[in-house]
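Taken together, the values in this text are just the output of simple stated rules run on the coordinates, not laboratory data. As the structure is a prediction and not an experimental result, all values here were calculated from the model. All Cβ positions, even for glycine, are placed from backbone atoms using ideal geometry, and neighbour counts span all protein chains on display.
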Amino acid sequence: MSSQFGLMNIWSQGDWVIKSVAMLLLLMSMASWMVIIIKTLDMFKYKRMVQGSEGFWHSTDFSNGIAQLSGGSENPLRRLALEGQEATTHIIPADGRPGKAQLHDSLDISDWVTRCLRNTLDEFSAKQQSGLAILASVGSTAPFVGLFGTVWGIYHALLSIGMAGQATIDKVAGPIGESLIMTALGLAVAIPAVLGYNALVRGNKGVMMKLNRFAHDLHAYFVTGARVKNARS
């Protein structure tokens, strides 16, 4: 029975359309799982990194605070802090004297630091969202790809049954049931992609929320010289 029905029989008996649909679903599944695994590892890595924000603020000076942030240039907290420092020293030189007139001189320090920190946050957010479009595309199209394989398989099964002149249950159930497997495969590809997309979006929002808070504190530090004191401090 297993040699007459099942996935292997679909592959061996199917035409090039059915085989193409099956290969497309396989590629979509592989792509979605690769994105899920890679982005999940990245999300947990950045979650560990952003936990070090309090260690930064409890350091004795800015240089020691930077040293507290692990991960090197990949640490978004470190990138924000260095970007804010660079923005501050760019508009206010270390000696405190105004430098040569530049185009940004019409901005005050608050606007300039805000713009630089926001650019860094936007770049990190874009990096975190890269690949999620693949999950969204797979989750929305895989069921229809599987349904197309089912419709194509049922059409050819009915043609074969019609030419054979027999429409008994045992002749109809096998080919029709095999064709419906394509729909099940489409759902099997789409469901993990949708769940993975939702989980990654939710996790990335948590990381971005902590980064926005850290950027807000950095802005206050660079503009006023002290972190804003609140219940989180």
- Item | Label-to-label distance, nm, for residues given as Trp57 and Trp33 (7 Å Cα→Cβ offset) | 4.3 nm
- Extension gain (nm, one decimal) between Phe44 and Ala226, 0.36 nm per residue minus Cα-Cα: 62.5 nm
- Message: With 10 angstrom as the radius, rank Tyr221, Tyr155, Tyr46 by how many other C-beta atoms surround their C-beta, starting from the fewest.
- Response: Tyr155, Tyr221, Tyr46
- Message: Based only on other Cβ atoms within 10 Å, what is the fewest-to-most ordering of Phe144, Phe214?
- Response: Phe144, Phe214
- Note on the structure: FRET efficiency (Arg213, Leu180; Cβ distance; R0 35 Å; to 0.05) is 0.10
